[in-house]
Every structure is written in C-alpha cells, then in structure tokens.
Amino acid sequence: MTHPEFDAIVIGAGSVGNPTACFLAWEGLRVLVLDELPSSGQGQNKAAIGGVRATHSDPAKIRLGQQSLEVFAGWKSATGIDIGWKKGGYCFPAFDEHVESTLQKLLPIQKSFHLNIDWVGVEGIRRVVTGINPEGLRGGTYSPDDGQVSPLRASESFTNEAVRHHAEYRYREPVTSLLMEDHAVIGVKTDRGEYRAPVVINAAGAHATRICQMAGLDIPVRPESHEAGISAPVQEFLAPLVVDLRPGPEGKTINFYFGQDSDGQVIFCYTPATPFSGENRTSTFEFMPIAAARLVNLIPRLRNLTIRRVWRGLYPMTPDGAPVVGKAPNVEGLLLGIGMCGQGFMLGPGVGKNLASLVLHGTPAMDPEVFDQLSPARDLYGGGKESLR
Ligand SMILES: Cc1cc2nc3c(=O)[nH]c(=O)nc-3n(C[C@H](O)[C@H](O)[C@H](O)COP(=O)(O)OP(=O)(O)OC[C@H]3O[C@@H](n4cnc5c(N)ncnc54)[C@H](O)[C@@H]3O)c2cc1C
C-alpha cells in the first residue's frame, strides 16, 4: 500500500531522530518518523546517563555541543516542559601528570570557541566535587555551563512537540529497504507499506550501517556495549558530572563518569579499556564491583549508597570516534545523522538543528568548514585523534 507523501522521513525515534523531527515539524514540514521499537527513545537514547556538554576537543563537536546546550537549557522556557535540565557543569579531576597535561592542552581550543572552562586548583576541585578524595589530586578542569538532562523526559518532550506540530510517528515498523530512482532515495519501504518523501534521514543509531547499505553505501557504525547504573535518590550534594580518566586498580577501565541527576539519584557509567563489540545487552557481574570501587574511592561518603538498577546499552561507534552528519555521498535525497559514539544524547539536538537546516536551506546551521569535519565523505579511518569520548 502506498501512503500519503511527506516532506521528510526520519528513520529512528532516538537521540538524533526526535529533535530532528521536532525542528522540521516546527517549520511546518510534513514529517514521518518510523521506528522498529514500540515507542520513542527506546533504542540507545534511554541507555544514556544524560551528561550534556560543549567542552569537547574538536571544533565540530564543540559547535554541536553548543547548539545542543542552547536547546536543552532553553527547553523549559520554549515549551513549558521540564526535561530535568541541571546546570551543574562538568569536572575532569586530574590525579596524574599525563591527564593534567592532556586536559590543559585542550583549553586553548575550547576557549577559542568561548567555552566557559578553566583549570581549577586542588581546593577549587574540592569545593566543586563535595567529598572528593584529595589523595594525589592535582586540580582539574571545570566547565560550569555544561550539565545534565533526563534522556527519557527529553525524548518524550521532543516527540510530543513534533506530534503537536503534526509529525506522524509509526512504531514497530522497521524500514526494510529504501525506494530508489537512479541514484536518488525517494522514500522507504517497511513491512507495512511504502512512504515517499524528497528527503530521508538516517538516524538509525546502532543499525545505521544497514540503512546505508540499502543505498549502496558502506559507512561503518559498529555497536559497542557499555554499562551504567543508578542509585536511590539522596540529598543533593554534587553539582557537576565528574569524569575520572584514571585507569582503575583492576587496570581495565577508563573514563569513569558519574553525576547526581535532578531527582537526586547518582548515575554512573564507565568505558571499559577493552571494548565489548556487538549488541549483547546482558548486564555483567564485573560492572557493579568495579563501578562501586571507583565511586567509593573517589567519593568515600558514597559507601552507603543504595543502587537501584544497572543496565547495558550500545555506543554506535565510528572508526575515528566522531559522528557522521550530512548529505550521503553520491546519493541524492539521503541525509545521515549517525555514528554518535558515546555522545549522541548530548549532540542530538545540535545534529538535529544542522540536519533540519540542510533540509530547509541546503546549508548547515554552523560554519560549513567546521561542519565538514563530520562529513560522510571523509576518511573515517584517518584516525589518531585525541578525543574524550
Ligand atoms: C551506558 C550508556 C551511557 C551513555 N551516556 C551518555 C551520556 O551521558 N551522554 C550522551 O550524550 N550519550 C550517552 N550515551 C550514548 C548515547 O546513548 C548514544 O550515543 C545515542 O543514544 C545514540 O543516538 P541515536 O539517535 O544515534 O540512536 P538511538 O537513540 O538508538 O536511536 C536510533 C533509533 O533507530 C531505530 N531504528 C534502527 N534501525 C531501524 C530501522 N531499520 N527501522 C526503523 N527504526 C530503526 C532504533 O529502534 C532506535 O530507536 C550513553 C550510552 C550508553 C550505552
């Protein structure tokens, strides 16, 4: 069955797809969003712990982060809806010389984009991260304008806004192929029918490569599995999201990060040094003992925290650790907002702004030269970037 035509079709109601659909619907476009899962935000969006920052290490991600923060921070005044925005900042404490110099080397580029971030001495970090274990602490960076948002509330609110502006959402409806005419995408096919639009946006997260393959493109986005946990609420004591870059005593983890959300729950996650490739989402028995030791070592007063639940989700990884955003190479009518790695929630609204601008005006919503760093046509295996993912 052929359905009515749309101005744009978004594949994936996730961290990228929902804000993209919302911004397009706000502009009066007839938008269709298709997702294979039963409701919005049920892919990796709900796995995120909700850290949002602009203080990245490369220009394109900095700009996307700035655009996202504008959306998150202004959401309540724009729509009246509370998405759990907490402007508590980000703090990267340093306990060794290597981390200290890595963080300090990033400051000039971060400051050149007017980011509010600085090196703070030991006493400053102790003031910002209440109860931090000062043993070996050398100082750290602090960026007070970053923060946290609830991924569940945000995806619900982006979806509701899109629907209020007449976007149509269809769930449990996987896209099985793209409708092509010559080298142009003219719509999508699902198990229930065909839908046509001059623009199709691939925001399919961990499954984005499959959608690219439907257009004959080979763009590698590989799922990598990461675990997280959340505590029962406790009295507010911690403003920033804290990123501890030390390897743990077990030598297996890097990038342990945690914060206290706007409901008082402590939420935490780490990046294993040896990545778990694939889609396995069964919680491991290793995670909680490692995470608990890291947490208590860093903030000893958390030793009595009650953990409510743990979960495991996927980072949609690219070989160079940066997202792939823009017009698909050599295929008309297909835009990509994929490969978000460990930062798709915080970059989602920025990516959505740029995709919407490409649809509406043919140009991105930032300096095109900076945007080009995300280009789907770039050499994804160029590698060697220093990135705090
Ligand atoms: C433990 C953990 C903690 C994290 N913490 C953070 C954090 O603090 N901050 C941050 O920014 N990021 C964080 N992330 C990363 C973040 O969750 C992801 O980068 C982000 O959700 C990816 O967004 P996406 O829109 O690309 O994918 P998703 O949100 O997964 O959306 C993709 C959607 O596409 C749908 N789809 C796929 N294929 C098809 C198809 N064929 N047809 C129809 N629908 C399809 C899926 O069902 C899904 O709903 C974390 C991830 C994990 C696992």
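Normalised by 2.2 N^0.38 Å, where N counts its residues, the alpha-carbon radius of gyration of the chain equals 0.97. Accessible area per residue for the chain, computed on protein heavy atoms with a 1.4 Å probe, is 41 Å². Among GLY321, GLY348, GLY193, the largest mean-square fluctuation in a Gaussian network model of the chain (Cα springs under 10 Å) belongs to GLY193. R0 = 25 Å: FRET efficiency of ARG172 with ARG378, Cβ-based, nearest 0.05? About 0.10, to the nearest 0.05.
Rounded, prolate or oblate, given the Cα gyration tensor of the stretch 65-150, with a/c below 1.5 counting as rounded?
Numbers: a/c = 3.40, a/b = 1.72, b/c = 1.98.
Because a/c hits 1.5 or more and a/b fails to exceed b/c, the stretch 65-150 counts as oblate.
The helix-only estimate of mean residue ellipticity at 222 nm for the chain, built from DSSP H runs of length n ≥ 4 each weighted as -39500 (n - 2.57), is -8500 deg cm²/dmol after division by the residue total. The value obtained for the stretch 161-229, namely the Cα convex hull volume divided by the number of residues, is 129 Å³ per residue. Electrostatic tally near SER277: other residues with Cβ closer than 11 Å to its Cβ, Lys and Arg +1, Asp and Glu -1, net -1.
Order VAL149, VAL296 by their accessible area, 1.4 angstrom probe, all chains in place, largest first. Write down the numbers at each step before the final one.
On the way: VAL149 5, VAL296 50 Å².
My answer, sorted largest first, is VAL296, VAL149.
Please give me, ordered by residue number, the GluC sites (Glu not before Pro) of the stretch 318-389 that lie in loop per DSSP and have at most 10 other Cβ atoms within 10 Å. Write out the running numbers ahead of the final one.
Working: sites: GLU332, GLU369, GLU386; in loops: GLU386.
Passing sites in the stretch 318-389 are GLU386.
When all alpha carbon pairs of the stretch 126-253 are counted in 5 Å bins from zero, the resulting P(r) reads 2, 6, 11, 13, 13, 12, 10, 9, 9, 8, 5, 2, 0 %. The aspartates and glutamates whose alpha-carbon is closer than 13 Å to the alpha-carbon of LYS105, local same-chain residues fewer than 8 away aside, are ASP58, GLU97, ASP118, GLU386. Which residues among the stretch 321-353 fall inside the zone where the amide N is under 20 Å from a point 7 Å beyond the Cα of ASP182, along Cα→Cβ? So the set is 327-335.
Which entries in LYS189/LYS353; LYS76/LYS189; LYS189/LYS327 show an alpha-carbon gap greater than 32 Å? Over 32 Å Cα-Cα: LYS76/LYS189.
Please find the FRET efficiency linking HIS98 to ARG127, where r is the Cβ-Cβ separation and R0 is fixed at 30 Å, and quote it to the nearest 0.05.
On the way: r = 25 Å, r/R0 = 0.82.
The computed FRET efficiency comes out at 0.75.
If a paramagnetic tag sat 7 Å from the Cα of GLN213 along the Cα-Cβ line, which residues of the stretch 157-198 would have the backbone N under 17 Å from that point? Counting only backbone N, you get 174-179, 189.
Loop-located trypsin sites (Lys or Arg not before Pro) in the stretch 141-229 (DSSP state other than H, G, I, E, B) with a sparse environment of at most 15 neighbouring Cβ atoms within 10 Å: ARG172, ARG192.
The values are calculated or read from the model by the stated rules, or taken from the named source; none is laboratory data. Not measured: the values here are computed from a predicted model. So basically every Cβ, Gly included, is an ideal-geometry build from the backbone, and we count neighbours across all protein chains shown. For the accessible areas, the whole protein counts, side chains as well, though only heavy atoms, and no ligand, DNA or RNA atoms are used. Shrake-Rupley method; radii C 1.70, N 1.55, O 1.52, S 1.80 Å.
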